[in-house]
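This report concerns only the one structure given below.
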Amino acid sequence: MNSPLQDPRSLRDPYPAYAELRSTCPVQHVPTGFGGHGSYLVTGYAEARQALGDPRLSKDTAAYFADKPSPRRLHPAVAQTMLATDPPRHTRLRRLVTKSFTSGAVARLRPYIAQVTDALLDRWPAGGEVDLVAGLAVPLPVTVICELLGVPETGRPDVRRWSAELFAAGEPDLIDAASHSLANYLTELIAARRQQPGEALLDRLVPAGDGEDRLGEDELVSLAVLLLVAGHETTTHFLGNAVLALLQHPAELERLRADPDFVPAALDELLRFDSPVTMATFRYATEDLLLGDTPVLAGTPVQVSPGAANRDPERFPAPDRLDLDRDASGHVAFGHGIHRCLGAPLAKAEAEIALRAVLTRFPRLRLAVPPDQLRWRHTRLMRGLVSLPLLT
């Protein structure tokens with residue numbers, strides 16, 4: 001039997017399919033992917049939190065696929081990022097970059113984020129049409145993370161294109177080629193930084209590859225890949241999804257327009273309502289275990305859907321309603337456990353500054369096309385718009 005998620009309508013709105021799956025069983029075996037052997041799909045909130053924090057669900061993709069034939073040719077630095085590791089290696093890699101994404105570190109970036117935001121919004125026409133994705137949601141986080149890492153302006157268009165191609169569902173050759181292009185570019189950039197170091201995050205990572213801890217070259221490149229890609233893809237989709245959600249809920253939109261200072265408190269509900277990450281990255285059971293009441297066999301892949309979990313009525317009553325007064329803390333849009341998104345403080349700061357500026361500077365903002373004409377990206381992990389045409 002086909003999964004409800006295979007319905008083409010689920011690309012536009014996956015939540016009815018998630019609700020159908022969850023009502024049947026919040027953890028169930030689905031016959032999709034992974035060499036035809038299927039996987040367990042987690043759509044319930046409690047079960048998702050359990051799975052995301054359970055050390056028996058490994059993220060070590062190298063170990064899982066070591067004895068399995070694959071036609072894929074992802075660059076090792078892309079296939080084996082920090083997200084695809086377990087402790088103690090994961091702990092060691094994460095420790096190297098944690099200080100750059102603390103709340104204090106992000107607070108120091110806020111003036112720069114505001115400067116970039118204002119410069120982008122200065123280009124928006126007054127009383128005209130603009131694409132929020134191309135005009136803000138993409139360039140803002142790309143510019144910020146590239147500046148933070150030390151990627152020169154000349155390389156940023158290519159970096160953005162390769163990053164987007166890494167999530168092109170159903171196009172394995174394009175994904176593989178993009179992984180090599182991005183990893184090769186960062187390898188060359190790291191070599192250049194060794195010769196002419198500066199003060200960017202990448203410059204601080206390079207010595208970690210040359211000291212006693214001896215990060216391998218692929219580890220160094222993979223950290224750069226992860227920070228670059230994860231540092232903007234999630235925020236791009238978050239901004240587009242949030243603005244669309246507000247435009248489709250006029251009362252909540254007017255509330256924020258009347259009180260822009262309420263934007264920070266609204267972010268968690270906006271993240272819960274339409275999570276930019278619809279499917280978490282790969283996990284597999286290292287031993288037989290129970291997820292909720294469902295037995296999961298050792299060696300079986302487990303897919304956790306934050307998008308589905310965040311709409312579980314057992315945790316969030318009336319989950320399909322955007323309610324900015326809701327206590328949405330505990331949502332799993334940024335994951336949970338040791339793999340929770342390292343860049344969450346940066347993503348929230350960018351979203352807060354951008355949303356506040358848009359609502360303040362463009363009080364008559366509205367959709368330029370009917371909602372059913374909006375196009376969504378065809379990707380398995382992320383949920384985001386191709387474009388969001390707006391009238392200013």
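Derivation of every value follows stated rules applied to the coordinates shown; laboratory data play no part. Note that the structure is a prediction, hence the values are computed from the model and not measured. Neighbour counts run over all protein chains shown; Cβ positions are idealised from the backbone, glycine included.
List of remarks:
- GluC sites (Glu not before Pro) lying in DSSP loop within region 293-392, provided at most 13 other Cβ fall within 10 Å: E314
- A cut-off of 5 Å between modelled amide H atoms, ignoring neighbours fewer than 5 places along the same chain, links V42 with Q303, V304, S305.
- Phi-based couplings in Hz for region 281-298 (Karplus 6.51, -1.76, 1.60; Gly and Pro marked x): 6, 4, 9, 8, 6, 8, 7, 4, 7, 10, 10, x, 9, 9, x, 10, 7, 4
- Contact order relative to length of region 297-380, as percent, for alpha carbon pairs under 8 angstrom and 6 or more apart: 17 percent
- Cα→Cβ-extended label distance, 7 Å offset, between D288 and F65, nm: 2.9 nm
- Extension gain from A169 to E129, taking 0.36 nm per residue of separation minus the Cα-Cα distance: 11.4 nm
- With a cut-off of 10 Å between beta carbons, the residues surrounding V78 carry a summed charge of -2, where Lys and Arg count +1 and Asp and Glu -1.
- Each Cα pair under 8 Å and six or more residues apart adds its separation to the average, and for the chain the resulting relative contact order is 27 percent.
- For L388, residues with placed amide H under 5 Å, excluding near neighbours: L132, V133, A134
- Projecting label points 7 angstrom from Cα along Cα→Cβ for R108 and R92 puts them 2.7 nm apart.
- In this simple spin-label model, placing a label point 7 Å from the Cα along the Cα-to-Cβ direction at both R366 and E314 gives a separation of 4.2 nm.
- Mean Kyte hydropathy of -0.5 or more with a Cα span along the axis of at least 30 Å, helices from DSSP in the chain: 172-195
- Percent of C-alpha pairs per 10 Å bin, region 201-292, short to long: 13, 27, 21, 24, 13, 2
- Residues with amide H under 5 Å from that of L215, placed H, sequence gap 5 or more: G209, D210
- Calculated on alpha-carbon atoms, Rg and Dmax of region 78-153 in Å: 16.7, 55
- Evaluating 6.51 cos²θ - 1.76 cosθ + 1.60 at θ = phi - 60° for every residue in region 371-388, the Karplus couplings come out as x, 6, 9, 6, 10, 9, 5, 8, 8, 7, 8, 9, 10, x, 7, 5, 8, 9 Hz, glycine and proline recorded as x.
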